[in-house]
């Protein structure tokens, strides 16, 4: 092949469209994800589908779920993430179609960035390949951190208020002091932990944790 002569081939995922001795150009695949709530049977993905196709997503790379955003197990999202390759771009109609919460959304986008996958949300005009998109992403990260800090502060304030009123936070104690004395007496008399668990109907892990907490 002469210097500067191009080789052309059929476009395919991240395949070389053309190359010469100096550089290569790769194709980016746009992958779309759609979701509607499982609560309302009247909901349709048609609006999202039209928007994604207009944005350049091929129908062969569209994935969808009919499920609540709070669900962890979404087959469509799983197949969508599996469809993505380095250099691709994931596109959604709105941010809330992808993540069940702000931290969950940021977790997905962070994972995509590590895998060199771009992200776009059409409604919010967020595009991680642009400076504006990166700024929005950073702001969302700061908001998520702020939300976590506020949640922790509220929990700690609630526990402190409960302690002032004589209440203890956390789960109810499975083994109270009276039962613990009986258990210790049984163990000291030679009973095994297994027999103690059966007799007092206590899980083995709970027994071991309780004994460790009291230094036994």
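Taken together, the residues in segment 95-151 that are touching a strand residue (DSSP E or B) at 6+ places or on another chain (Cβ under 7 Å) and either free of Cβ contacts under 8 Å to residues at least 24 places away in the same chain or loosely packed, with under 14 Cβ neighbours inside 10 Å (or both) amount to 5.
Just one of the listed residues (179, 168) is part of a helix (DSSP H, G or I) and either at pLDDT 80 or above or exposed (fewer than 11 other Cβ atoms within 10 Å of the Cβ) (or both), and it is 179. Across segment 72-127, the number of residues qualifying as part of a loop (DSSP other than H, G, I, E, B) and under 17 Å from the mean Cα position of the chain (by Cα) comes to 11.
Taking into account only those residues within segment 202-216 that are closer than 16 Å to residue 192 by Cβ and in a loop (DSSP other than H, G, I, E, B), which is modelled with the lowest pLDDT? Filtering segment 202-216 for residues that are closer than 16 Å to residue 192 by Cβ and in a loop (DSSP other than H, G, I, E, B), the one modelled with the lowest pLDDT comes out as 216. Being surrounded by 11 or more Cβ atoms within 10 Å (Cβ to Cβ), over 20 Å from residue 84 (Cβ atoms), without any contact (Cβ under 8 Å) to a residue 60 or more places away in the chain and not assigned by TED's automatic domain parsing to the domain that holds residue 29 is a property that residue 158 has. Here residue 92 clears all of (1) at pLDDT below 90; (2) touching a strand residue (DSSP E or B) at 6+ places or on another chain (Cβ under 7 Å) except the condition numbered (1).
When you check residue 161 against the structure, is it assigned to a helix (DSSP H, G or I) and at pLDDT below 80, yes or no? Talk me through it step by step, then tell me what you get.
Working: assigned to a helix (DSSP H, G or I): yes; at pLDDT below 80: yes.
Criteria met by residue 161.
Only one of the numbered conditions (1) assigned to a helix (DSSP H, G or I); (2) modelled with pLDDT of 90 or more is not met by residue 35, and that is (1).
What about residue 196, is it farther than 30 Å from residue 52 by Cβ, touching a helix residue (DSSP H, G or I) at 6+ places or on another chain (Cβ under 6 Å) and not assigned by TED's automatic domain parsing to the domain that holds residue 54? Lay out the reasoning, then the answer.
Working: farther than 30 Å from residue 52 by Cβ: yes; touching a helix residue (DSSP H, G or I) at 6+ places or on another chain (Cβ under 6 Å): yes; not assigned by TED's automatic domain parsing to the domain that holds residue 54: yes.
Yes, satisfied.
The values are calculated or read from the model by the stated rules, or taken from the named source; none is laboratory data. Just so we're clear, the structure is a prediction, and the values are computed from it rather than from any experiment. All Cβ positions, glycine included, derive from the backbone under ideal geometry; neighbour counts span all protein chains shown.
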